[in-house]
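A.B. asks: I'd like to ask you about the structure that follows.
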């Protein structure tokens with residue numbers, strides 16, 4: 001029987017994941033709620049999905065309740081729906097919460113839902129508590145090519161986890177991780193697409209500088225990065241080995257690599273990931 005999936009928040013990421021979820025559960029079993037009613041309506045219309053009147057109805061109806069809101073908004077949303085979640089838990093029909101808010105640990109989410117003022121260590125979470133999963137997707141989920149890291153509370157039923165992985169899998173690659181690594185994932189794959197777009201734009205700018213048209217340079221740059229990524233993924237070879245395959249002695253590629261190294265390219269990229277990771281830890 002298809003599960004009902006409620007999405008609180010109707011931004012790009014929420015819509016991307018619900019687009020994938022509709023392939024698994026059917027669009028009629030997907031629903032949106034949002035403080036901006038027009039935005040929720042527009043999101044629902046693109047999928048032929050349902051619009052809930054408010055977040056409370058979403059928490060009442062969803063087998064899975066996705067929290068697709070900004071980190072700063074999450075506390076108020078959790079406080080709003082917590083009574084409903086506790087009531088459903090008492091009735092033996094708990095909703096499974098799925099949060100994608102950067103920086104918000106499962107323990108902090110459980111604390112608010114349970115009415116506590118302190119963080120709940122995940123390993124000490126009571127069995128009789130709302131099952132919570134934390135995910136970190138990235139924007140390529142919009143084209144079903146996302147990376148989606150997944151961690152869950154100990155009481156999250158194995159059957160529910162399997163269902164969740166299937167739902168998320170329609171939007172990209174799903175990987176189960178220990179929650180302690182979630183901030184690192186945020187810095188790498190969560191923020192990484194923006195870093196990759198900057199690189200693609202810079203490659204294209206270089207092509208324009210060398211005489212190519214903007215349209216052709218962008219097409220070449222995007223396809224080059226795509227092809228290189230597929231080579232890493234499908235050959236299983238280390239990027240350094242693949243780099244050496246392109247790099248002839250005294251050739252064009254080594255000249256370009258020398259220029260990149262002169263600008264501390266690799267060190268700068270590493271610092272970008274580290275900075276994004278640190279920022280994720282500061283959000284709560």
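A.B. asks: For residue 66, which of the numbered conditions (1) at pLDDT below 95; (2) within 16 Å of the chain's Cα centre (by Cα); (3) buried (at least 20 other Cβ atoms within 10 Å of the Cβ) fails to hold?
C.D. replies: Against the list (1) at pLDDT below 95; (2) within 16 Å of the chain's Cα centre (by Cα); (3) buried (at least 20 other Cβ atoms within 10 Å of the Cβ), residue 66 comes up short only on (1).
A.B. asks: Which strands (runs of 3 or more DSSP E) sit wholly inside segment 122-200 and have at least 3 residues that are touching a strand residue (DSSP E or B) at 6+ places or on another chain (Cβ under 7 Å) and farther than 22 Å from residue 230 by Cβ?
C.D. replies: Result: 132-136, 146-152.
A.B. asks: How many residues are within 21 Å of residue 151 (Cα to Cα), in a loop (DSSP other than H, G, I, E, B) and more than 24 Å from the chain's Cα centre (by Cα) when one looks only at segment 69-120?
C.D. replies: 2
A.B. asks: Under 7 Å between Cβ atoms, at least 6 apart or on separate chains: pull out the pairs that start in segment 70-84 with a residue that is farther than 20 Å from residue 13 by Cα and end on any residue that is surrounded by 14 or more Cβ atoms within 10 Å (Cβ to Cβ) and modelled with pLDDT under 95.
C.D. replies: Going by the 7 Å Cβ cut-off, the qualifying pairs are 79/112; 82/112; 82/113.
A.B. asks: Right, next: Of (1) surrounded by fewer than 18 Cβ atoms within 10 Å (Cβ to Cβ); (2) more than 19 Å from residue 111 (Cα to Cα), residue 52 satisfies all except one. Which?
C.D. replies: Failing condition for residue 52: (1).
A.B. asks: Return the residue satisfying two criteria in turn: it lies in segment 264-277 and is in a helix (DSSP H, G or I) and without any contact (Cβ under 8 Å) to a residue 40 or more places away in the chain, and of such residues it is surrounded by the most Cβ atoms within 10 Å (Cβ to Cβ).
C.D. replies: It comes out as 265.
A.B. asks: Would you be able to say whether some residue in segment 161-178 is surrounded by fewer than 14 Cβ atoms within 10 Å (Cβ to Cβ), over 18 Å from residue 105 (Cα atoms), more than 14 Å from the chain's Cα centre (by Cα) and assigned by TED's automatic domain parsing to the domain that holds residue 67?
C.D. replies: Among the residues of segment 161-178, at least one is surrounded by fewer than 14 Cβ atoms within 10 Å (Cβ to Cβ), over 18 Å from residue 105 (Cα atoms), more than 14 Å from the chain's Cα centre (by Cα) and assigned by TED's automatic domain parsing to the domain that holds residue 67, which makes the answer yes.
The values are calculated or read from the model by the stated rules, or taken from the named source; none is laboratory data. In this text the structure is predicted, and so the values were computed from the model without any measurement. Ideal geometry is used to build each Cβ from the backbone, glycine not excepted, and the neighbour counts take in all protein chains shown.
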